[in-house]
């Protein structure tokens with residue numbers, strides 16, 4: 001199978017949600033060694049981040065391709081619709097070491113894209129039942145993680161946000177999730193849930209509430225790009241007593257401009273993902289590895305973003 005089925009970027013989110021490929025029968029090579037994910041045995045360290053796993057059927061399809069750590073796409077405490085198209089816009093990545101504040105679109109996928117979904121979610125009853133059904137279909141050696149996020153209303157306090165995160169995490173655990181990934185970063189939303197990782201004190205409050213909600217399940221936090229090492233360390237010191245792992249990097253933000261010089265998405269920033277993120281991943285993993293070693297903290301690190309071949313995997317490990 002040379003080309004696998006995948007998300008169709010020319011179709012709306014709902015169209016893709018409803019058209020998950022069926023699981024396939026392929027010869028999956030084994031990965032030598034004994035592997036664990038947050039202390040749980042798995043067949044390999046190879047996983048799929050939350051992005052493409054829109055529902056249980058998408059998750060089971062990627063499981064059939066040989067991925068063993070599968071993160072169910074971010075869910076909420078109530079239904080939310082996706083942003084309109086384009087949701088995945090191919091972009092040109094400029095040469096140079098600095099992160100750009102704007103990027104240009106291209107017609108052909110070149111390995112980088114702007115992401116604009118807004119973390120949509122089905123109603124809780126739907127995704128709870130879907131997670132339960134998916135877990136029952138997964139073989140031993142697979143790890144089902146569920147990504148959750150709060151949906152803060154205007155005027156909500158950080159305690160309100162923490163309670164919303166905790167409620168979703170408990171629902172995910174009760175539905176059969178092997179672990180929970182709390183999304184503290186979404187580069188294409190401007191609310192507190194999308195930027196929580198940048199506020200160390202608030203992040204610590206939410207992490208503690210999450211830990212209390214799921215004391216017996218692995219808890220991971222997904223974070224975005226830290227510009228400053230001191231900010232990253234402050235975040236780590238605040239959350240590390242409460243968590244099992246950190247997932248990074250959830251892209252960075254930039255404005256997106258078409259060939260006519262017009263800005264997409266009403267000029268608002270969107271998350272940038274793909275090969276462009278790979279260097280950020282390795283750099284940030286090195287920072288957090290240093291924090292873990294210096295503090296003797298039992299926190300695992302999970303690299304995501306732009307990792308596309310065995311060399312990348314070995315470097316991330």
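The values are calculated or read from the model by the stated rules, or taken from the named source; none is laboratory data. Everything numeric here is computed off the predicted structure, so don't read it as measured data. Cβ sites come from the backbone with ideal geometry, for glycine too, and all protein chains shown count toward neighbours.
Against the conditions (1) crowded, with 19+ Cβ neighbours inside 10 Å; (2) modelled with pLDDT of 95 or more, residue 229 satisfies every one except (1). Scanning the range 212-222 for residues that are touching a helix residue (DSSP H, G or I) at 6+ places or on another chain (Cβ under 6 Å) and either part of a helix (DSSP H, G or I) or without any contact (Cβ under 8 Å) to a residue 40 or more places away in the chain (or both) returns a single hit, 213. If you go through the range 12-30 and pick out every residue that is in a loop (DSSP other than H, G, I, E, B) and either under 14 Å from residue 144 (Cα atoms) or free of Cβ contacts under 8 Å to residues at least 24 places away in the same chain (or both), you end up with 4. Against the definition (at negative phi and in contact (Cβ under 8 Å) with a residue 60 or more places away in the chain), how does residue 273 come out, yes or no? It is true that residue 273 is at negative phi and in contact (Cβ under 8 Å) with a residue 60 or more places away in the chain.
If you go through the range 132-151 and keep only what is under 24 Å from residue 245 (Cβ atoms), out of contact with any strand residue (DSSP E or B) (no Cβ under 8 Å at 6 or more places or on another chain) and surrounded by fewer than 19 Cβ atoms within 10 Å (Cβ to Cβ), you end up with 132, 139, 140.
When restricted to residues that are assigned to a helix (DSSP H, G or I) and in contact with a strand residue (DSSP E or B) (Cβ under 9 Å, 6 or more places away or on another chain), the range 226-277 contains 11. Just checking, how many residues over the range 113-127 are surrounded by fewer than 19 Cβ atoms within 10 Å (Cβ to Cβ) and in a helix (DSSP H, G or I)? Total meeting the criteria: 3.
Does at least one position in the range 31-54 carry a residue that is more than 18 Å from the chain's Cα centre (by Cα), in a helix (DSSP H, G or I), on the phi < 0 side of the Ramachandran plot and without any contact (Cβ under 8 Å) to a residue 60 or more places away in the chain? Walk me through it before giving the result.
Taking the range 31-54 and keeping what is more than 18 Å from the chain's Cα centre (by Cα), we get 31-36, 39-44.
From what's left, in a helix (DSSP H, G or I): none.
Scanning the range 31-54 turns up no residue that is more than 18 Å from the chain's Cα centre (by Cα), in a helix (DSSP H, G or I), on the phi < 0 side of the Ramachandran plot and without any contact (Cβ under 8 Å) to a residue 60 or more places away in the chain.
The set of residues from the range 152-187 being modelled with pLDDT under 95 and in contact with a strand residue (DSSP E or B) (Cβ under 8 Å, 6 or more places away or on another chain) comprises 185, 186, 187. Taking the conditions (1) surrounded by 11 or more Cβ atoms within 10 Å (Cβ to Cβ); (2) at pLDDT 95 or above; (3) more than 17 Å from residue 69 (Cβ to Cβ) in turn, residue 294 satisfies each one other than (1).
Kindly indicate whether residue 60 is at pLDDT 95 or above, in contact with a strand residue (DSSP E or B) (Cβ under 9 Å, 6 or more places away or on another chain) and farther than 24 Å from residue 123 by Cβ. Criteria not met by residue 60.
Among the residues of the range 284-306, just one is outside any loop (DSSP other than H, G, I, E, B) and under 25 Å from residue 109 (Cα atoms), namely 303.
Scoring residue 53 on the criteria (1) at pLDDT below 95; (2) surrounded by 14 or more Cβ atoms within 10 Å (Cβ to Cβ) leaves a single failure, condition (1). Among the residues of the range 64-85, is there at least one that is farther than 24 Å from residue 270 by Cβ and in a helix (DSSP H, G or I)? Yes, the range 64-85 has at least one match. Scanning the range 215-225 for residues that are out of contact with any strand residue (DSSP E or B) (no Cβ under 6 Å at 6 or more places or on another chain) and surrounded by fewer than 22 Cβ atoms within 10 Å (Cβ to Cβ) yields 215, 216.
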